[in-house]
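Notes for the one structure printed next.
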Amino acid sequence: MAADKTTILIVEDEPAIVELVTFTLRAAGWETFAVNNTAEAWEFLQRRTPQLILLDWMLPDQSGLRLLSKIRSDRHFNEMPVIMLTAKSMEEDKIAGLDHGADDYVTKPFSPRELTARIKAMLRRKSPEHAQGTLAAGSIVLDPVSCTVKIDDSKVEIGHAEYKLLKFFMAHPERVFSRSQLLDKVWGDHVVIEERTVDVHVLRLRKVLKSAESLIKTVRSVGYMLSEK
């Protein structure tokens with residue numbers, strides 16, 4: 001289940017800050033990758049989609065704002081949460097960053113606790129399925145930290161794809177998602193999977209959930225949802 005860990009990309013060229021941030025984020029249970037310029041960051045994004053980017057303002061090849069503009073103009077990444085790391089506390093700089101599409105700011109020097117809190121808040125707001133808190137629906141309890149699922153207090157064996165699907169449904173209860181939305185949100189649109197594969201995973205998920213399978217509803221000619229009603 002390790003692959004389901006929240007991944008954070010750190011774009012920062014000061015080794016001491018990279019070390020501090022990496023240590024802080026790993027201690028909070030997140031997986032981290034670090035690059036030290038915008039070119040390496042863009043290269044990384046072609047291979048993997050992190051759940052959040054920590055982006056330094058001043059980088060050796062070009063400013064973090066340039067990379068931020070590029071991210072926001074790409075349909076694959078334009079919704080990705082980006083927190084700027086900056087030594088600049090000037091009001092107009094913050095406004096410039098927000099105008100370019102930054103979601104939040106952390107001004108150096110920052111406390112590790114503050115950074116962790118800001119990231120957690122951002123993930124909760126932007127990607128509830130990546131939050132670290134326990135999720136519950138009916139008799140199902142899902143713990144994202146240990147990647148376990150319990151039904152009526154009994155642990156159930158669940159495959160990786162079904163786990164990701166269940167976690168997404170539980171993070172967005174009472175909302176209907178089409179097959180293509182589920183493909184995009186759960187597997188990412190870099191992955192080539194046919195829409196009918198979603199049906200197979202839903203079928204498998206219902207089997208795993210046994211007595212709680214009725215929580216996963218089929219909405220005719222639209223898609224699927226998790227509902228306790």
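Against the main long axis of the alpha-carbon atoms of the chain, helix 195-209 sits at an angle near 70°. The string of couplings for segment 47-52 from the Karplus curve (6.51, -1.76, 1.60, θ = phi - 60°) is 9, 9, 10, x, 7, 7 Hz, one whole number per residue in order, with x for Gly and Pro. On the beta carbon distance between Asp13 and Gln181, with R0 = 45 Å, the FRET formula returns roughly 0.75.
Between Arg206 and Ala39, 0.36 nm times their residue separation minus their Cα-Cα distance comes to what?
Full extension from Arg206 to Ala39 adds 55.8 nm.
Counted by neighbouring Cβ atoms within 10 Å, the residues Thr148, Thr32 run from fewest to most as Thr148, Thr32. For the chain, the residue among Ser227, Asn36, Pro81 whose Cα projects farthest onto the positive side of the dipole built from Cβ charges is Ser227. Remark: relative contact order (the chain) = 13 percent; criterion is Cα-Cα distance under 8 angstrom and separation of 6 or more residues.
Beta bridges per DSSP, both residues in the chain: antiparallel share near 45 percent.
Potential lengthening of the chain between Glu213 and Arg125 amounts to 28.9 nm, from the contour at 0.36 nm per residue minus the alpha-carbon distance.
When you restrict to C-alpha pairs under 8 Å that are six or more residues apart and normalise by the size of segment 87-178, the relative contact order lands at 17 percent. Calculated [222 nm] ellipticity per residue, helices only, for the chain: -11500 deg cm²/dmol; basis is -39500 (n - 2.57) per DSSP H run with n ≥ 4, divided by all residues, nearest 500. Here the spin labels are modelled as points 7 Å beyond Cα on the Cα-Cβ line, and at Arg66 and Val222 they lie 4.6 nm apart. For the chain, a crude dipole built from +1 on the beta carbon of Lys and Arg and -1 on the beta carbon of Asp and Glu, taken about the Cα centre, is about 920 debye to the nearest 20. In order along segment 5-14, the phi-based Karplus estimate (6.51 cos²θ - 1.76 cosθ + 1.60, θ = phi - 60°) of 3J(HN,Hα) comes to 4, 5, 9, 10, 9, 9, 10, 7, 9, 8 Hz; Gly and Pro are listed as x.
Estimated at 0.36 nm per residue, the fully extended path between Asp74 and Thr134 surpasses their Cα-Cα distance by 18.4 nm. For segment 2-130, the relative contact order works out to 23 percent when only alpha carbon pairs closer than 8 Å and six or more residues apart are counted.
Per Stokes-Einstein, at 37 °C and 0.692 mPa s, what whole-number D in µm² s⁻¹ belongs to the chain, with the Kirkwood radius over Cα pairs as the hydrodynamic radius?
Rounded to a whole number, D works out at 173 µm²/s.
Among Glu162, Glu40, Glu174, Glu92, the order by Cβ neighbours within 10 angstrom, fewest to most, reads Glu92, Glu174, Glu40, Glu162. Distance between the pseudo-spin-label points of Arg47 and His160 (7 Å out from Cα toward the beta carbon): 1.7 nm. Of the chymotrypsin sites (Phe, Trp or Tyr not before Pro) in segment 21-102, not one is in a loop by DSSP (not H, G, I, E or B) with at most 13 other beta carbons within 10 Å. Normalised radius of gyration (Cα atoms, divided by 2.2 N^0.38 Å) for segment 85-157: 1.59.
Quick note: the coordinates plus some simple rules give every number you see, no bench work behind them. Since the structure is predicted, the reported quantities are computational estimates derived from the model, not experimental observations. When we count neighbours, we look across all protein chains shown, and the Cβ atoms used for this are built from the backbone with ideal geometry, even at glycine.
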